[in-house]
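A short write-up of the structure that comes next.
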Ligand code: PEP
Ligand code: MN
């Protein structure tokens, strides 16, 4: 396989024109086309793809561009239709890799078939599930050279910078388990927004991935799925030409990976901290309403001292300095009193109306 191997194309086939215009504009930039016709979506009211009729457009795009093409499959029925239309590669989406029954049914349907299979990481950060999928294809006769791993990041609770957290370490563990299997990165689904595609692609290049899978649409803002993360073929060309695929000398991929993981972890934690603080202040406000209706003063010295003592002791056990804990608690206290105060004032002005 050529390195870096670049796969690009629309998230979804929407019309014959959109597929052909996009794919023709990708010629000279990519090694393979990706075109989703069946779209596994979290919500049933989202666009779920044009289905099998899109396969005729895929076949036409292949013919017009001279490029091989891949589609996503999630059932033996999809495989049968896709193979009839001469697709060169199939991919398992994150929502399929997560299901051992579905993966087994697909592997069984592909026994003895000469096609490339790309296996995206499962939605959740579980290396055994991802690795189990590879083993199921291995067991029906797929050799390493016919399998490709696609790292698209993992869904995590709470909002973070990227739509799906990279967790580079998990992908690295897969590389250790399957050293002969190529690994691509999908910056589109990882970042979830077009402004992140270039930076994630460069990280993947620094980490010596074998290539990229990127969503590209001739009119991204009009796309019927994943509009915010698709880029035009021209933008893709610019990104690809600015990427530096290093040879590994002079930079330490495990350092970059660790740093990236740690930063993502910090982003997630910060998001959670502020979500919790916001909930805490909402509760303080409700207490303000209650105190007002029972004519109780806002500042309850005893209660506050007991919070400081309790949290102070617990924080010390967690290795946080008492100055730091006191600074944070004071800031929380001030904001909390302000919220209670304004809640009381609101009640007062309502009373006066
Ligand atoms: C896709 O590639 O269009 C797709 C649905 O991706 P994922 O399975 O990574 O969400
Ligand atoms: Mn998509």
*For the chain, set up a Gaussian network in which alpha carbons nearer than 10 Å are linked by springs, and say which option among 123, 296, 103 fluctuates the most.*
296
*Given the options 316, 165, 74, which has the most mean-square fluctuation in a GNM of the chain, springs set between C-alpha atoms less than 10 angstrom apart?*
316
_Neighbour counts of other C-beta atoms within 10 Å: give me 255, 178 arranged from fewest to most._
255, 178
*Just 29, 62, 292 to compare: in a GNM of the chain, with alpha carbon springs under 10 Å, which one fluctuates most?*
292
*Using just the alpha carbons, could you tell me how many Å³ per residue the convex hull of the range 256-332 encloses?*
98
*Helix-derived [θ] at 222 nm for the chain: sum -39500 (n - 2.57) over DSSP H runs of at least 4, divide by residue count, nearest 500?*
-16500 deg cm²/dmol
*Whole-number D in µm² s⁻¹ for the range 1-154, Kirkwood Cα-pair radius fed into Stokes-Einstein, 25 °C, 0.890 mPa s*: 157
_With Cα atoms, 0 to 90° folded angle of helix 127-139 axis to the chain main axis_ = 20
*asked:* Tell me the angle of helix 54-65 to the major Cα principal axis of the chain, expressed in degrees between 0 and 90 and rounded to the nearest ten.
replied: 60
*Against the longest principal axis of the chain, how steep is helix 301-317, in degrees 0 to 90 to the nearest 10, with axes from Cα atoms?*
40
_Between the range 1-63 and the range 211-242, the Cα center-to-center distance that results, in Å_ = 12
_Fewest-first sequence of 77, 294 by Cβ atoms within 10 Å of each Cβ_ = 294, 77
*the chain: D in µm²/s via Stokes-Einstein (Kirkwood Rh, Cα pairs, 20 °C, 1.002 mPa s)?*
93
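Rule-based calculations on the coordinates, nothing more; no lab input. Model, not experiment: these values are computed from the prediction. As a convention, Cβ positions derive from the backbone with ideal geometry for all residues, glycine included, and neighbour counts pool all protein chains shown.
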